[in-house]
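> Quick one: this structure, given as structure tokens, is what I'll be asking you about.
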Amino acid sequence: MGQPVRDYLLTLCVTAAVTYLLTGPVRKFAIAVGAMPAIRARDVHREPTPRLGGIAMFGGLCAGLIVADHLFNLKGVFELSNEPRALLSGAALIWLIGVLDDKFEIDALIKLGGQMIAAAVMVIQGLTILWLPIPGVGTVALTQWQGTLLTVALVVITINAVNFVDGLDGLAAGMVCIASAAFFLYAYRLWMGYGIEAAAPATLFAAILMGMCLGFLPHNMHPARIFMGDSGSMLIGLVLAAGAISITGQVDPDLMKLFEGSEREATHALLPVFIPLVLPLTIIAIPAADLVLAIVRRTWNGQSPFAADRGHLHHRLLEIGHSHSRAVLIMYFWSALIAFGAVGYSVHSASSWIVFVIIAASAVGLVLLLMPRFTPRAPHWANRFVPPRYRHRGAEPESAPSSSYGEKPAPVAAGAQQGASDASVGEEAVERAPVAVGVSGVNGATAIGARSRFPDRRSIDSSR
């Protein structure tokens, strides 16, 4: 057990190091080529920030695959399976489309077609869903067309679900990293615990995906120095989908039987074990929920499902009073709770304590969600040891202090007050201005949403 773990850890570290080292030069390249879009009303960031971070992440992906191909315990994945090559082919295509979109803002239908073609390329090379394990029924074999359609649908949904949550600094990379970590534990358990060699490619994909996200996060945390753009969000979405497809459609559930009897009885008895298999989208439950809610909300309002707006989950966290960093951490918490909760229940389904832990953690999450303005204060003696925002502050003076010469502040004219009021109303109108249909954001747009050909000329002080 120790040797494969070291190989996976080495692959993860190399992927993270290459991604981290490439991100700095990629940022300079993005600035040089002008991949720095103007600030729009729905954007959270206040300064133009370069994107094209997906170039560095794709470099980390290639480095991770090359290293794994030369490791003794992992090179068998490349010899016995064509899935790593299928992943690289599909990832290269979707990455190229993302780079072009980050620079030239290609049409929505072209991006949607590119996502479908990338999924079809993986299907042609063998990365497809062959059967589905259905509890109470057994293993249901799929025809070639059924498997192809289901694979393409899963890839497109996952890519856009990940892209939908890419709206705050470090949010998408962190959530995908958490989901891939939980997925790695589950896939590794299938491989080493049950001896299922078909789970090895999915385990490798999860390790490389963790390295890509960890290497990019230091540059993308608030305040972000670079955005991953569509080239990065679509790339990590495709890698995440490839792992789910591999573990769902390639692993034979009959190899996991723990009970004697018919296949129907064994499948029903292993219901908790099948949770990540039957429902691979549990690892991206938060992005998938945001995707569904966004489509319903926009359709209900008579807008295009791909129109940008400020109704995403992370936008709502900011509106109720959470800071940028706290909103990201809350999304991290719920993503980890769902992903690791599903994996933990699949391992210890007979233990009731795992259910109580999930319920207790959910209660803690709800408390944090409902206390947006709570900021802990350190005691007086610890003020010099903590950041300024956590220091204890005394009572604020009720009146403004006088000038250094003892003069009272001059009263503000009524006209000036009215002008300031009008200015504040105008700023609020800019912040709440609706976004035109078909305009996608920089760091939080749908991967198949079109962008306006004419950049928004609003002030850079407007918030997303």
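The values are calculated or read from the model by the stated rules, or taken from the named source; none is laboratory data. Just so we're clear, the structure is a prediction, and the values are computed from it rather than from any experiment. All Cβ positions, glycine included, derive from the backbone under ideal geometry; neighbour counts span all protein chains shown. For the accessible areas, the whole protein counts, side chains as well, though only heavy atoms, and no ligand, DNA or RNA atoms are used. Shrake-Rupley method; radii C 1.70, N 1.55, O 1.52, S 1.80 Å.
> Tell me, what % of the accessible area of segment 72-179 is carbon and sulfur with a 1.4 angstrom probe? The partial results should precede the final answer.
On the way: 3150 of 4260 Å².
Carbon and sulfur: 74 percent of the exposed surface of segment 72-179.
> Still on this model: Using 7 Å Cα-to-Cβ label points, what is the L149/L329 separation (nm, one decimal)?
4.7 nm
> Each label point is 7 Å from the Cα along the Cα-to-Cβ direction; what then is the distance between the points at V5 and S352, in nm?
The two pseudo-label positions are separated by 3.2 nm.
> Output needed: percent of Cα pairs per 5 Å distance bin for segment 140-216, bins running from 0 to the one holding the longest distance.
Histogram of Cα-Cα distances, whole percents per bin: 3, 15, 16, 19, 20, 15, 8, 3, 0.
> Next question, about the same structure. Return the sequence-ordered ³J(HN,Hα) values of segment 180-190 in whole Hz as given by the Karplus equation 6.51 cos²θ - 1.76 cosθ + 1.60 applied to θ = phi - 60°, using x for Gly and Pro.
So the J values, rounded to whole Hz, are 5, 5, 5, 5, 4, 4, 5, 5, 5, 5, 5.
> Right, next: With each pseudo-label sitting 7 Å past Cα toward Cβ, what's the L370-F29 distance in nm, one decimal?
The two pseudo-label positions are separated by 5.0 nm.
> Something else about it: Which sequence of W381, W131 reflects their accessible areas, 1.4 Å probe, from the largest down?
Values: W381 195, W131 60 Å².
Putting W381, W131 in descending order of accessible area: W381, W131.
> For the ranges 50-63, 290-303, 329-342, what's the packing order if you count other beta-carbon atoms within 10 Å of each residue, average per peptide, and put the highest first?
Numbers: 50-63: 25.8, 290-303: 15.1, 329-342: 20.0.
Ranked by mean Cβ neighbours within 10 Å, highest first: 50-63, 329-342, 290-303.
> Go through segment 114-125 residue by residue and turn each phi into a ³J(HN,Hα) via Karplus (6.51, -1.76, 1.60, θ = phi - 60°); whole Hz please, and just put x for glycine and proline.
Whole-Hz 3J(HN,Hα) from phi for segment 114-125: x, 4, 5, 5, 4, 5, 5, 4, 5, 5, 4, 8.
> To the nearest 0.05, what FRET efficiency results for H70 and Y194 with a Förster distance of 22 Å applied to their C-beta separation?
0.25
> Going highest first, how would you order 353-360, 116-123, 223-230 by mean Cβ packing within 10 Å? Walk me through the numbers before you get to the answer.
Numbers: 353-360: 12.9, 116-123: 21.2, 223-230: 24.6.
Highest to lowest by the protection proxy: 223-230, 116-123, 353-360.
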